[in-house]
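A short write-up of the structure that comes next.
The values are calculated or read from the model by the stated rules, or taken from the named source; none is laboratory data. Model, not experiment: these values are computed from the prediction. Virtual Cβ from ideal backbone geometry, glycine too; neighbours counted across all protein chains shown. Each accessible area value is taken on the protein alone, full model and side chains, heavy atoms only, with ligands, DNA and RNA left out. Shrake-Rupley method; radii C 1.70, N 1.55, O 1.52, S 1.80 Å.
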Amino acid sequence: MKEQIKEMMAIQDELNCQLNPDWEKAGWDFSLAADVEMVEAIEHYGWKWWKHQECDINQVKMELVDIWHFLLSGLICSKTNTEKVKDALEKGFTNLNDDFIRYATSFLKYHSFFIKATVLAECMNSIDMSFDELRQLYLCKSVLNLFRWNNGYNDGTYIKVWDGLEDNEYLTSILIWYPDATADEIYRMLEERYRKIV
């Protein structure tokens with residue numbers, strides 16, 4: 001796990017450098033970004049007692065992956081070593097409570113990336129999402145993020161909804177139909193689909 005965390009930190013650094021080569025000094029609020037993504041995860045999970053909601057577990061997982069992007073960024077900036085990150089995740093995976101909403105709302109109370117990593121693992125564990133699944137989805141979502149940036153995401157020209165589906169949902173369908181697709185194959189499939197709508 002330690003080596004895989006190190007690998008993902010290197011990928012996250014590369015992704016962030018796409019936006020700003022000096023990103024570590026840019027002052028981006030990774031904690032706030034992670035919190036906003038957790039609120040989106042709560043929405044996909046469904047929490048409103050006054051109306052019927054369907055839990056979209058695939059989108060919950062994608063939001064947790066988005067959170068992981070921001071936590072990795074914050075951990076890199078705070079110079080947290082991978083051993084501590086591994087320990088934080090392992091601690092979270094040992095908690096057996098299945099109350100996703102309780103964990104998700106407690107995530108919002110903390111500012112420490114180290115503690116947030118533990119609570120993220122608790123959230124994952126509560127929905128039977130493993131570290132391996134997080135890693136796989138992280139690598140795939142990194143491809144989508146790169147695709148977005150290469151197609152105008154940061155200047156506002158990127159189209160995020162493709163024939164009624166958000167690009168995240170399209171990525172999820174790729175992963176369901178082609179679970180062994182490589183990063184290059186995923187990028188190519190995104191490109192082929194995107195070209196049909198622009």
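When the residues of region 100-118 are filtered to those that are open to solvent by 10 Å² or more (accessible area, probe 1.4 Å) and basic (Lys, Arg), the one that is nearest to LEU15 (Cα to Cα) is LYS109. All told, LEU146 meets the bar of being open to solvent by less than 70 Å² (accessible area, probe 1.4 Å) and either in contact with a strand residue (DSSP E or B) (Cβ under 8 Å, 6 or more places away or on another chain) or of a type outside the set (Val, Ile, Thr) (or both). State which residue is most open to solvent (accessible area, probe 1.4 Å) when the search covers only region 60-85 and only residues that are more than 30 Å from ASP167 (Cα to Cα) and assigned to a helix (DSSP H, G or I). Step by step, filter region 60-85, then rank; the result is LYS84. Here the condition is being of a type in the set (A, V, I, L, M, F, W, C), over 22 Å from ASN168 (Cβ atoms) and either open to solvent by 50 Å² or more (accessible area, probe 1.4 Å) or free of Cβ contacts under 8 Å to residues at least 60 places away in the same chain (or both); of ALA121, ALA33, ALA88, it holds for ALA88 alone. Could you go through region 50-57 and let me know if any residue there is surrounded by 17 or more Cβ atoms within 10 Å (Cβ to Cβ) and in contact (Cβ under 8 Å) with a residue 40 or more places away in the chain. No, every residue in region 50-57 fails to be surrounded by 17 or more Cβ atoms within 10 Å (Cβ to Cβ) and in contact (Cβ under 8 Å) with a residue 40 or more places away in the chain. Scanning region 184-198 for residues that are in a helix (DSSP H, G or I) and either open to solvent by 60 Å² or more (accessible area, probe 1.4 Å) or at pLDDT below 90 (or both) yields a total of 6.
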